[in-house]
1. Post the alpha-carbon centroid distance, the stretch 238-315 to the stretch 113-153, in whole angstrom.
2. Output the 0 to 90 degree angle, nearest 10, between the alpha-carbon long axis of helix 33-42 and the longest principal axis computed from the alpha carbons of the chain.
3. For 95, 124, which order do you get if you count the other beta carbons within 10 Å of each Cβ and list the fewest first?
4. Measure nothing fancy, just the Cα-based angle from helix 288-302's long axis to the longest principal axis of the chain, in degrees from 0 to 90, nearest 10.
5. What is the diffusion coefficient of the stretch 132-246 in µm²/s, taking the Kirkwood radius over Cα pairs and the Stokes-Einstein relation at 25 °C with a viscosity of 0.890 mPa s?
6. Relative contact order, percent, of the stretch 9-95 when contacts are C-alpha pairs under 8 Å separated by at least 6 residues?
7. From the square roots a ≥ b ≥ c of the eigenvalues of the alpha-carbon gyration tensor of the stretch 182-268, which class results: rounded (a/c under 1.5), prolate (a/b over b/c), or oblate?
8. Taking 7 Å along the Cα-to-C-beta vector as the label spot, tell me the residue 152-residue 99 distance in nanometres, rounded to one decimal.
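Throughout, read-outs are computed from the coordinates displayed, never taken from laboratory work. From a predicted model like this one, the values you see are computed outputs, not experimental measurements. In this analysis, Cβ positions are derived from the backbone assuming ideal geometry, glycine residues included, and neighbour counts consider all displayed protein chains.
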């Protein structure tokens, strides 16, 4: 066994450079700089790509003696294990007798959960939306302008796609609260007139609201004789909205006291079709500050909303 040799910093850097070339040029290895860095980290020689790059660029004046030693020791162990080589006082790497090369396996780390999912193309498909709200335990809030799409899904889609999953939530005791603009508020007319100045629509916004209320009344009347119908509520609000919201269980926690609330939100881009407005989703556990910001905004805009008596909606 070779005795430990005290090399100077310059000599250590030379060994790192030649060791890098040896392991990179080895036909069985051909490691990239990033792969070598991962190997060093796996061996618990904590460094970073910037420090390794400085050494490989021979810019050691920007590194401490301690950092050079750490990278050198990492290379010594790396080449010892994978190539059965060790540094020699003659300045070269030499073979270690009776040594069998072994590959250092980089343990795969679990990929971090995507705490924010950004859907750049706009409105999600029906299955995606249903998968999102089907986890609700206590409350589901559907907040929008006219709820035209929501209501059309109740009537125009196969019941198994949208209608039945909503009914399943109601049966479980989940409160489903729908919020749309108040068609009798003058601000609603101002809002839609402003939109019409940029984008003309086949059906006026106020007419869409009235149509949605009729559709929601039909849905309610079809479940009205069921005990769970009391869990379905519709409200109108009087504020200029900036976002679509689908909020689930904002105050709920699981058995381990972890929050389970989550939000799907979409900013209303002026002059753009609602279906094209990007959508992003996040949860309270991973994004507590972001969740609170959006939830606070939602609570402010629905504060004072008026409960709609669906039985009084006329055709």
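1. Their Cα centres are 10 Å away from one another.
2. Tilt of helix 33-42: around 90 degrees.
3. 95, 124
4. Between helix and principal axis, roughly 10 degrees.
5. Diffusion coefficient, whole number: 164 µm²/s.
6. Relative contact order comes out at 34 percent.
7. oblate
8. 7.1
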